[in-house]
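The values are calculated or read from the model by the stated rules, or taken from the named source; none is laboratory data. As the structure is a prediction and not an experimental result, all values here were calculated from the model. All Cβ positions, glycine included, derive from the backbone under ideal geometry; neighbour counts span all protein chains shown.
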Amino acid sequence: MSKNGPLALAYHALFVGFMLAPILVVCWVAFTPEGFLSFPTDRWSLRWFYAIARYPEFVSAFWRSLGLGALSSAIAVAFSVPAALAIARYRFPGREAMTALFMSPLMIPHVVLGIAFLRFFTEIGLGGTFAGLVLAHIVIVLPFALRLTLASAVGLDRAIEHAAVSLGASEWVVLKRITLPLVLPGLVSGWALAFINSFDEVTMTVFIAAPGTETLPVRMFLYIQDNIDPLVTSVSACVIGVTVAALVVLDRAYGLEKLLVGRSGDGR
């Protein structure tokens, strides 16, 4: 197997550096002792990390975003399983239209979705509620969950399912013991991608979130409108740290490649 040459390695290094630079800059600024955004050069401080404790709305918004992302992503994955199996296995009138309908939130600007959801939820009495947030986030993350679940369903070998049926397994047993484990990498990847998009969503959420249902991105957006101190960078650094720690623990406990790709680290 050929190895990458110096030019390819340099390109990869520049690409990785370009992707990591914003994260590193945010984390670096979070340690400044100054009351304004600046790079700490001679002094480092945890001042703005301690300041998070004086703003409990950031902590509550973090847990709200976590619950919202987990719940909306789980429901989106639950909807994506039957939809993906139907689209991958059957040819029926309206199949392409149904696929386009599920993927349509990707083509609509989130500002338009936010205004539409604001008007709709106000009419049905869900304006400013957590249930409204969940429904809106399900709509915008469903395409991500469906796309990855569909990719797993398309490559599914149905001969395994037929063998299970020939041995007397019921449809429910085949689904639970054969189909779902085979598409599990797509489900997990779809859930993770949906969760990331839900957790990071601000453009649409700012229209439908009320003071009691603000998510962390919305809370940060509202804060920087009136303040220029590094508190938001310390909050961002904490979120980055929690994310990295969760990935490390998940990789050590189960293995990210096995979970997301469906194989162990040795390629089996």
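Out of curiosity, is Glu171 at pLDDT below 90, over 30 Å from Gly67 (Cα atoms) and surrounded by 15 or more Cβ atoms within 10 Å (Cβ to Cβ)?
no
Does Thr243 satisfy the condition of being surrounded by fewer than 17 Cβ atoms within 10 Å (Cβ to Cβ) and either of a type outside the set (A, V, I, L, M, F, W, C) or in a helix (DSSP H, G or I) (or both)?
yes
Results for (1) assigned to a helix (DSSP H, G or I); (2) touching a His at 6+ places or on another chain (Cβ under 7 Å); (3) under 28 Å from Arg119 (Cβ atoms), shown as yes or no for each residue.
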position	(1), (2), (3)
Val139	yes, no, yes
Phe144	yes, no, yes
Ser152	yes, no, no
Glu161	yes, no, no
Thr179	yes, no, no
Leu187	yes, no, no
Ala194	yes, no, yes
Ser198	yes, yes, yes
Leu222	yes, no, yes
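Here are some residues: Ala210, Ala192, Ala169. Which one is of a type outside the set (Ser, Thr, Tyr), in contact (Cβ under 8 Å) with a residue 40 or more places away in the chain and closer than 23 Å to Val154 by Cβ?
Just one listed residue meets the conditions, Ala192.
Would you point out the residue of segment 178-202, among those that are within 17 Å of Phe62 (Cα to Cα) and of a type in the set (Val, Ile, Thr), that is farthest from the chain's Cα centre (by Cα)?
Applying the filter and picking the extreme gives Val202.
Restricting attention to segment 80-103, does a residue exist that is surrounded by fewer than 17 Cβ atoms within 10 Å (Cβ to Cβ), within 18 Å of Ile196 (Cα to Cα) and touching a helix residue (DSSP H, G or I) at 6+ places or on another chain (Cβ under 8 Å)?
Scanning segment 80-103 turns up at least one residue that is surrounded by fewer than 17 Cβ atoms within 10 Å (Cβ to Cβ), within 18 Å of Ile196 (Cα to Cα) and touching a helix residue (DSSP H, G or I) at 6+ places or on another chain (Cβ under 8 Å).
If we keep just the residues of segment 200-217 that are of a type outside the set (Asp, Glu) and buried (at least 22 other Cβ atoms within 10 Å of the Cβ), which is farthest from Trp28 (Cα to Cα)?
The extreme case among them is Ile208.
Identify all residues within segment 112-137 that are more than 19 Å from the chain's Cα centre (by Cα), assigned to a helix (DSSP H, G or I) and within 12 Å of Thr205 (Cα to Cα); write none if there are none.
Correct list: Val112, Ile115, Ala116, Phe117, Leu118.
Among the residues of segment 48-61, is there at least one that is under 21 Å from the mean Cα position of the chain (by Cα) and free of Cβ contacts under 8 Å to residues at least 12 places away in the same chain?
The answer is yes; a qualifying residue exists.
Name the one entry in Ala100, Ala78, Ala53 that is under 22 Å from Asp157 (Cα atoms) and of a type in the set (Gly, Ala, Ser).
So the residue among Ala100, Ala78, Ala53 that is under 22 Å from Asp157 (Cα atoms) and of a type in the set (Gly, Ala, Ser) is Ala78.
Given (1) surrounded by 10 or more Cβ atoms within 10 Å (Cβ to Cβ); (2) part of a loop (DSSP other than H, G, I, E, B), where does Val59 come up short, assuming only one miss?
In the conditions (1) surrounded by 10 or more Cβ atoms within 10 Å (Cβ to Cβ); (2) part of a loop (DSSP other than H, G, I, E, B), Val59 misses (2) alone.
Restricting to segment 164-177, count the residues that are in a helix (DSSP H, G or I) and farther than 19 Å from Ile75 by Cα.
Total meeting the criteria: 8.
Provide a single number: the residues in segment 2-40 that are of a type outside the set (A, V, I, L, M, F, W, C) and part of a loop (DSSP other than H, G, I, E, B).
10
Only one residue in Ser60, Ser104, Ser65 is touching a Ser or Thr at 6+ places or on another chain (Cβ under 9 Å) and small (Gly, Ala, Ser), so which one is that?
Ser65
Of the residues Val29, Val25, Val59, Val16, which is among the β-branched types (Val, Ile, Thr) and closer than 29 Å to Ala136 by Cα?
Checking each option against the conditions leaves just Val59.
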